[in-house]
Every structure is written in C-alpha cells, then in structure tokens.
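Worksheet: one structure, shown below.
Just so you know, all these numbers are worked out from the coordinates, no wet-lab data involved. All of these numbers come straight from a predicted model, not from anything done at the bench. Counting neighbours? That spans all protein chains shown, and the Cβs are built from the backbone with ideal geometry, glycine included.
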Amino acid sequence: MTRRSIGIVLNGVTGRMGYRQHLVRSLLAIREAGGLPTRDGTLWPEPVLVGRSEAKLAEIAARHGLTEWSTDLGAALARPDVSIYFDSQVTSGREKAIRQAIEAGKHIYTEKPLAETAVAATELAELAAAAGLKTGVVQDKLFLPGLRKLKRLIDGGFFGRILSVRGEFGYWVFEGDWQPAQRPSWNYRAADGGGIVMDMLPHWNYLLEELFGGVRSVQCTMATHIDTRVDEQGESYAATADDAAYAVFELAGGAVAQINSSWCVRVYRDELVEFQVDGTEGSAVAGLRHCRVQHRSMTPKPVWNPDLPNSVPFRTQWAEVPDNDEFDNGFKAQWEAFLRHVAEDGPYHWDFASGARGVRLAELALQSAREGRRLEVPRLEVPR
C-alpha cells in the first residue's frame with residue numbers, strides 16, 4: 001500500500017489545546033497507528049510547527065522526533081509540500097493568519113471561534129469558497145461518546161417529539177492566587193478575545209443545529225462573577241470578560257433549549273457537561289462518555305409532598321446506553337474526517353459556513369445580554 005505525505009502547518013501548537021489534543025492525540029496518534037487508511041493508500045501527516053517561541057517549538061519538535069518548525073508563518077505557508085493550515089492560536093490572532101492561508105491557497109482547519117465577529121467569519125467563509133479551498137472548524141463535542149450515543153437515540157426515534165434540552169457545562173476555574181488556574185489568563189480579558197460566550201456558544205450552536213434543529217432565537221444573561229484574577233506571572237489583573245452565561249434558545253421544530261455555561265460553578269453532576277433531553281416517548285441524559293435513558297413505559301409517578309422524605313430512587317430508574325462501538329478521541333476522529341475530505345473529497349460539513357453561524361450566535365447572545373431582550377437569529381447564507 002502506497003504512503004502519501006501531507007504537509008500540515010500547525011500554528012499555536014505551543015498552547016494547551018494545540019499541543020495536547022491536535023498534535024499529540026490526533027496527528028501524532030495517526031502516525032503511531034501507521035497513518036490514515038484511504039482509498040488509494042495511507043495518508044501520512046507531516047507537521048510543520050509554527051509559533052512565536054523558538055525555544056518552545058524546538059523543544060516540542062525534539063520531544064516527538066519532528067524536524068520542521070518555524071516562527072515565520074509566511075515562510076511555512078509558502079512551502080509547496082504543505083497542503084493544510086491549522087490554527088489554534090488565541091482568537092485575536094486567528095483572522096489575520098487564516099487570511100494569509102487563503103492567499104497562499106491552503107486548505108484550512110481551525111479551532112473555534114472562526115473569528116471575533118460574525119462579519120469577519122462570514123467574509124473568511126466567502127473568501128475560502130471563492131478560492132475553492134476546503135475548510136473545517138473544530139466541532140469536537142459531536143464526536144464525544146456520550147453525544148454520539150445521544151444522536152443514535154435521536155436517529156432511531158427514541159424520544160418521539162423532542163420537547164426540551166437542558167444543558168449544564170462548567171467547573172470552578174481557580175482564581176490563580178492560592179492555586180494556579182487551569183485556563184490561560186487571556187480567557188478572562190475581553191481585550192484579548194476572552195469570555196465564555198464567545199468560547200462556548202459556538203459549541204452549543206453546532207450541537208443544537210446538528211442534533212435538534214437550528215436556533216431561531218436566543219435570550220442570554222451573562223456575568224463576570226470573579227472580577228479579579230492572578231495571571232501566570234503571579235500578578236493580579238482585572239477580569240473583564242464574561243465568565244458565566246445563562247441562555248435560552250428556541251429551536252426549529254419547536255423544542256426549547258436552556259444551557260448554562262460557567263467557569264464559576266462547583267460540579268455536582270456525573271460529568272463536566274451534561275444534556276438532558278425530554279421527549280414525548282422518553283428522556284436521556286448524555287455527557288462526555290455516558291448516556292442514560294428512561295422510556296415512557298418506565299417513567300415513575302412522582303407526587304409532590306414536602307412533608308415527607310423522598311422515597312423514590314430516581315437515579316436508579318435510568319438505564320445505561322451501551323457503547324456498541326469503538327469511540328476514538330473526538331479531536332482525532334474529526335481530524336481524520338478532514339484529512340479524508342482534503343485527500344479524497346470525503347464527506348464533510350463542519351466547515352467555515354458552520355463556524356460563521358456559531359460566531360453569529362455568540363454575537364447575538366452578547367447583544368441579548370447587553371440589551372436584556374430576546375433576539376431572533378436570522379438565516380445566514382454563506383456560499384460553499
């Protein structure tokens with residue numbers, strides 16, 4: 001079987017997500033497995049690491065036996081052996097770099113959000129489409145085992161008519177004073193593109209859109225609950241970005257979704273993200289890995305009586321959905337789909353148009369929070 005190399009510029013690989021999920025657990029994992037099988041042989045990713053720090057890039061390359069790295073994005077994009085540009089920088093640097101990649105004629109795969117504004121995201125989608133480039137935006141939540149099991153239930157008609165979706169996401173991110181924060185400090189500075197609305201609402205847009213129906217309206221309340229944090233150098237700074245968002249979405253088909261997103265919540269649930277879906281025929285609770293169901297025929301009959309202790313073991317009356325499949329790392333699974341899309345025109349619809357819709361929803365949620373009102377979500381037409 002022939003092996004075909006495909007050069008991939010990875011910009012932002014010194015960051016947590018770029019290094020751990022995209023380089024190590026995706027592209028290097030594909031190489032460790034012998035490459036990606038395709039119709040015409042095996043596809044072999046050849047990473048070209050790009051970033052601002054020579055020392056960090058050299059150390060990562062040496063650690064993994066890689067030889068190609070550069071602090072010059074333009075030079076990396078000019079290489080004829082590079083077909084794909086990937087971006088996992090901070091959001092504020094993404095649009096400029098993607099424009100460079102479009103001008104260089106490279107296919108593009110990027111972390112979300114695609115850009116800082118819906119206008120910019122839509123323009124990037126239009127430019128890439130006009131140039132005939134294949135594009136992709138990371139939509140990893142769709143590839144999680146729990147959400148894949150949930151989709152199986154939806155496709156099989158388990159719920160009947162879906163009535164509502166309730167989502168809880170988040171955990172306590174340490175302020176950085178007596179324990180180091182789990183997330184970089186830029187996430188909490190508005191000037192640097194931080195904020196949980198722009199970080200998480202693009203996720204909720206593609207998840208709702210693909211599983212339950214497009215978002216027709218949004219009403220959002222956001223907050224900056226922790227107004228002072230401590231950065232990586234031990235210096236206090238003003239946290240100016242939103243760290244919690246409470247949103248209600250009306251969906252095509254009539255279902256209502258409520259999703260809370262917070263970096264200021266202590267976890268009292270089985271997983272860091274959970275979605276409860278209620279339908280006329282049954283309900284499910286899906287998280288990162290697990291999915292539990294309760295059919296209409298097995299639904300208990302609770303009676304409200306605050307004068308007596310509850311005697312109904314509600315949690316034990318739900319059944320676990322079996323795996324019935326091998327679930328790989330979600331980031332790796334989407335990388336494989338995008339590589340096949342580029343190499344052999346395999347099916348792929350998680351593109352810049354989808355990414356632009358996610359940015360638009362986040363922007364409308366921010367506007368809703370500022371103005372204190374519900375906003376309609378207009379249809380966004382982007383050429384493909």
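Summary of computed values
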| item | result |
| --- | --- |
| Whole-Hz ³J(HN,Hα) from phi, Karplus 6.51 cos²θ - 1.76 cosθ + 1.60, for the stretch 200-216, glycine and proline x | 9, 4, x, 4, 5, 4, 5, 5, 5, 4, 7, 8, 10, x, x, 7, 9 |
| Taking only Cα atoms of the stretch 297-340, radius of gyration then Dmax in Å | 20.5, 61 |
| The stretch 85-206: C-alpha gyration tensor shape, a/c 1.5 cut-off, then a/b vs b/c | oblate |
| Protection proxy ranking, peptides 36-46, 12-22, 183-193, average beta carbon neighbours within 10 Å, highest first | 12-22, 183-193, 36-46 |
| Cα-centred dipole magnitude for the stretch 35-129, charges only on beta-carbon of K, R (+1) and D, E (-1), debye, nearest 20 | 140 debye |
| Amide H within-cut-off set for Val265, under 5 Å, with H built and near neighbours excluded | Tyr171, Trp172, Val173 |
| Beta bridges by DSSP in the chain, antiparallel share as percent, to the nearest 5 | 60 percent |
| Percentage, to the nearest whole number, of Cα pairs in the chain over 27 Å apart | 53 percent |
| Proximal lysines to Lys134, defined as alpha-carbon separation beneath 21 angstrom and excluding residues fewer than eight positions away on the same chain | Lys96, Lys106, Lys112, Lys332 |
| Residue of Gly65, Gly136, Gly214 that the Gaussian network model of the chain assigns the largest fluctuation, springs spanning Cα pairs under 10 Å | Gly65 |
| FRET efficiency, Tyr268 to Ala130 (Cβ-Cβ, R0 51 Å, nearest 0.05) | 0.55 |
| Förster-model FRET efficiency, 41 Å R0, Gln179 and Asp325, C-beta, rounded to 0.05 | 0.60 |
| Cα-centre dipole for the chain with unit charges at Cβ (Lys and Arg positive, Asp and Glu negative), debye to 20 | 680 debye |
| Cα pair distances in the stretch 236-384, grouped into 5 Å bins until the bin that holds the longest one, percent each | 2, 6, 10, 12, 14, 18, 15, 11, 7, 3, 1, 1, 0, 0 |
| In sequence order, calculated HN-Hα J values of the stretch 123-133 (Karplus, 6.51, -1.76, 1.60; Hz; x Gly/Pro) | 5, 4, 4, 5, 5, 5, 5, 5, 7, x, 9 |
| Intensity falloff of the stretch 260-342 expressed as log10 I(q)/I(0), Debye formula with alpha-carbon point scatterers, at q = 0.12, 0.14, 0.18, 0.23 Å⁻¹ | -0.58, -0.74, -1.02, -1.19 |
| Signed unit charges on C-beta, dipole axis of the stretch 265-383, positive-most listed residue Ala284, Phe352, Val267 | Val267 |
| For the stretch 68-132 versus the stretch 263-316, the gap between their alpha-carbon centres in whole angstrom | 42 Å |
| Segment Asn260-Ser5, length gained on full extension (0.36 nm per residue, minus Cα span) | 87.5 nm |
| Candidates Lys56, Lys106, Lys301, ranked by Gaussian network fluctuation over the chain, Cα under 10 Å, top entry | Lys301 |
